[in-house]
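J.: Please see the structure below; I have some questions.
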Amino acid sequence: MTFYADSLGFLGSPGKGVDVRTDDPFALNLVHCTSVPPWIDTMEGCLAAHKKFRNQVEQEFCQLQVIVEKSDIEELPSHKIGVVFGMQHTPKDVDVKALRAAGIRIIAPCYEKVNQLGGGWRYPTISLARKGIRFVYDCAEHGMIIDLSHVGDTTAEDILEYAKLKALDVPIIASHGGCFEQYAHDRNLPDHVLSEIAEGGGVVGICTMTFLLHKTDNSAIPFLQHLEHALEVCGEDGVCIGSDASYISRDPAQAEKEFYELRDKLDPDGAYRSRYPDHPPGLNGADRMKTIAKVLDGHPAAQKVLGENLLNFFLKAL
């Protein structure tokens, strides 16, 4: 039986909490979810938002199970979806120890702009700051996974180099995105960063959001091209699915409306070059994993990409 895992998925409309219905028959066993919207910029606000999200997962949805350590995955019942909590940004007063204690296991040092740690993807030449170095140490000390998905190239390079130079035991991933050499969008990471992640035992999640994969093409072809390129760069053990999309069934018109509402909030100046990505619907629908499985039918790395690689990464990193 195929094990399906997504290194960045949503169990509701992005930014609006959890909304999984027991009658949603999608294929998913394990998912990393953002539990705090990226516009909350204080520790107090982040912890409050995370607590609300975690309470939803634990109390309102019997088919979900919180994952905070390796044993939780090893004991995960086959009928439940394991949920690993993460953040795609850091608040101004980030306290890695407190986030870890709250159950968050994955964190991105930057979202898009320059902050106290370094540069986000809009600023690819900004270096890791002094506080960023302290952040890397804190993540290593407290067992936090660093996510480079939204990080600028230079800051990402610095984090990887510093962790290697100091022999820090800090797991590093790029949970969702594409390959810059396939599509030159600053949100996508270059080959040398992707290969360093994989060489360090991390995984690279390829997203299904078509505007990050090609300038105009909304078909499945760009997804396959990025996936194949990532496999060449990272090896068949270093690539997974990081869809950056929702696992709930929604009316198409409502889904498109929510997409543009969120775009107005997160991308008011259009730097993302975002467009509604649900074409074809299967790549970004609730049952996308089965769609991707059909696309990858017969591919030698299919089982690894669909779930085994991310499962193995979490079994090592948590």
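The values are calculated or read from the model by the stated rules, or taken from the named source; none is laboratory data. Quick caveat: nothing in here was measured; it's all calculated off a predicted structure. A quick note on method: Cβ atoms are made from the backbone with ideal geometry, for glycine too, and the neighbour counts reach across all protein chains shown. Only protein heavy atoms, including side chains, enter the accessible area calculation; ligands, DNA and RNA are left aside. Shrake-Rupley method; radii C 1.70, N 1.55, O 1.52, S 1.80 Å.
J.: Anything in the stretch 232-251 that is farther than 19 Å from G17 by Cα and either assigned to a helix (DSSP H, G or I) or touching a Leu at 6+ places or on another chain (Cβ under 9 Å) (or both)? List them, or say none. Write out each step before concluding.
T.: Taking the stretch 232-251 first, the residues farther than 19 Å from G17 by Cα are 232-241.
Correct list: E232, V233, C234, G238, V239, C240, I241.
J.: So P300 clears everything in (1) assigned to a loop (DSSP other than H, G, I, E, B); (2) under 24 Å from G17 (Cα atoms) except one condition, right? Which one?
T.: (2)
J.: Continuing with this model, one more query. Only residues that are open to solvent by less than 50 Å² (accessible area, probe 1.4 Å) and either within 16 Å of G12 (Cα to Cα) or among the polar types (S, T, N, Q) (or both): list them for the stretch 39-64, please.
T.: Across the stretch 39-64, the qualifying residues are A49, H50, F53, Q56, V57, F61, Q63, L64.
J.: Go through (1) open to solvent by 20 Å² or more (accessible area, probe 1.4 Å); (2) in a strand (DSSP E or B) for D269 and report which single condition fails.
T.: Checking D269 against (1) open to solvent by 20 Å² or more (accessible area, probe 1.4 Å); (2) in a strand (DSSP E or B), the one that fails is (2).
J.: Related question: Does L315 satisfy the criteria of being surrounded by 21 or more Cβ atoms within 10 Å (Cβ to Cβ), at pLDDT 90 or above and either assigned to a strand (DSSP E or B) or not polar (S, T, N, Q) (or both)?
T.: no
Condition check ((1) farther than 18 Å from C207 by Cα; (2) modelled with pLDDT of 95 or more; (3) over 20 Å from the mean Cα position of the chain (by Cα)) across all residues:
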| site | (1), (2), (3) |
| --- | --- |
| K131 | yes, yes, yes |
| F135 | yes, yes, no |
| E141 | yes, yes, yes |
| V151 | no, yes, no |
| I159 | yes, yes, no |
| K166 | yes, no, yes |
| F180 | no, yes, no |
| A184 | no, yes, no |
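J.: Hey, another quick one. Which of the residues belonging to the stretch 65-88 are of a type in the set (A, V, I, L, M), more than 27 Å from D264 (Cβ to Cβ) and surrounded by 19 or more Cβ atoms within 10 Å (Cβ to Cβ)?
T.: Scanning the stretch 65-88 gives I67, I73, I81, V83, V84.
J.: I would also like to ask the following. Does any residue in the stretch 62-86 that is within 15 Å of L311 (Cβ to Cβ) and of a type in the set (S, T, N, Q) come within less than 6 Å, Cβ to Cβ, of a residue that is at pLDDT 95 or above and crowded, with 16+ Cβ neighbours inside 10 Å six or more places away or on a different chain, and which pairs are these?
T.: Q65/G82
J.: Let me ask something else. Within the stretch 190-211, restricting attention to residues that are of a type in the set (A, V, I, L, M), out of contact with any strand residue (DSSP E or B) (no Cβ under 6 Å at 6 or more places or on another chain) and modelled with pLDDT of 95 or more, which residue is farthest from A302 (Cα to Cα)?
T.: As a first pass, look at the stretch 190-211 and keep what is of a type in the set (A, V, I, L, M): 193-194, 197-198, 203-204, 206, 209.
Still in the list and also out of contact with any strand residue (DSSP E or B) (no Cβ under 6 Å at 6 or more places or on another chain): 193, 198, 206, 209.
Those still in the list that are modelled with pLDDT of 95 or more too: 193, 198, 206.
Values: V193: 23, A198: 17, I206: 13 Å.
The selected residue is V193.
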